[in-house]
Amino acid sequence: QVQLVESGGGLVQPGGSLRLSCAASGSIFSLLVMGWYRQTPGKERELVATLTTSGTTNYADSVKGRFTISGDIAKNTVYLQMNSLKPEDTAVHYCYAFVRTTALSQWREYWGQGTQVTVSS
């Protein structure tokens with residue numbers, strides 16, 4: 001099995017910053033993508049940002065220019081630096097990884113438990 005552990009969420013005022021961290025562990029043979037998604041009550045989970053092993057990044061339009069994803073996929077870690085936070089960024093943020101557990105297994109998605117980010121004055 002694969003476990004993803006997030007940290008770094010919390011309460012911050014509008015315009016403030018937070019840094020989320022995620023570490024993947026367990027039976028990881030190969031890891032292709034890590035990233036972050038977020039969800040608010042009554043809405044679909046949505047992409048925030050992803051990072052591939054080749055260093056390619058992808059961001060939701062709503063966070064471009066404010067958030068930066070980084071990490072060392074080879075060490076199974078990913079970070080999300082969130083600046084200029086807005087109330088609409090309030091959500092549970094989930095770490096995501098696309099993993100193969102053996103050389104013969106299929107690629108599959110894994111998710112962390114989620115960390116709450118609240119932006120409010």
Open item on the list: Condition (residue is open to solvent by less than 60 Å² (accessible area, probe 1.4 Å), small (Gly, Ala, Ser) and outside any strand (DSSP E or B)) applied to the range 67-76: is it met by at least one residue?
Closed with: no
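Let's see how each residue does on (1) among the hydroxyl-bearing types (Ser, Thr, Tyr); (2) closer than 18 Å to Gly114 by Cβ; (3) touching a Phe, Trp or Tyr at 6+ places or on another chain (Cβ under 7 Å):
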| residue | (1), (2), (3) |
| --- | --- |
| Gly10 | no, yes, no |
| Ser27 | yes, no, no |
| Ser30 | yes, no, no |
| Pro41 | no, yes, no |
| Cys95 | no, yes, yes |
Task: Hits in the range 8-40 (condition: modelled with pLDDT under 95, open to solvent by 60 Å² or more (accessible area, probe 1.4 Å) and either of a type in the set (Asp, Glu) or farther than 20 Å from Thr101 by Cα (or both)) - done: none
Task: Which numbered condition Val2 fails, given (1) open to solvent by less than 30 Å² (accessible area, probe 1.4 Å); (2) touching an Asp or Glu at 6+ places or on another chain (Cβ under 8 Å) - done: (2)
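Among the candidates Gln106, Gln113, which residue alone is farther than 21 Å from Ser7 by Cβ, surrounded by fewer than 15 Cβ atoms within 10 Å (Cβ to Cβ) and not β-branched (Val, Ile, Thr)? Give the derivation first.
On the way: Gln113 fails: farther than 21 Å from Ser7 by Cβ.
On inspection, the qualifying residue turns out to be Gln106.
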Open item on the list: Restricting to the range 41-55, name every residue that is at pLDDT below 95 and among the β-branched types (Val, Ile, Thr).
Closed with: Thr52, Thr53
Open item on the list: Looking only at the range 41-59, count every residue that is under 15 Å from the mean Cα position of the chain (by Cα) and either open to solvent by less than 40 Å² (accessible area, probe 1.4 Å) or of a type in the set (Ser, Thr, Tyr) (or both) and tell me the total.
Closed with: 9
Open item on the list: Any residue that is without any contact (Cβ under 8 Å) to a residue 60 or more places away in the chain, outside any loop (DSSP other than H, G, I, E, B) and more than 16 Å from Tyr94 (Cβ to Cβ) - is there at least one of those in the range 14-25?
Closed with: yes
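The values are calculated or read from the model by the stated rules, or taken from the named source; none is laboratory data. No experiment lies behind these values; they were computed from the predicted model shown. Quick reminder, even Gly has a Cβ in these numbers, built from the backbone with ideal geometry, and neighbours come from all protein chains shown. Only protein heavy atoms, including side chains, enter the accessible area calculation; ligands, DNA and RNA are left aside. Shrake-Rupley method; radii C 1.70, N 1.55, O 1.52, S 1.80 Å.
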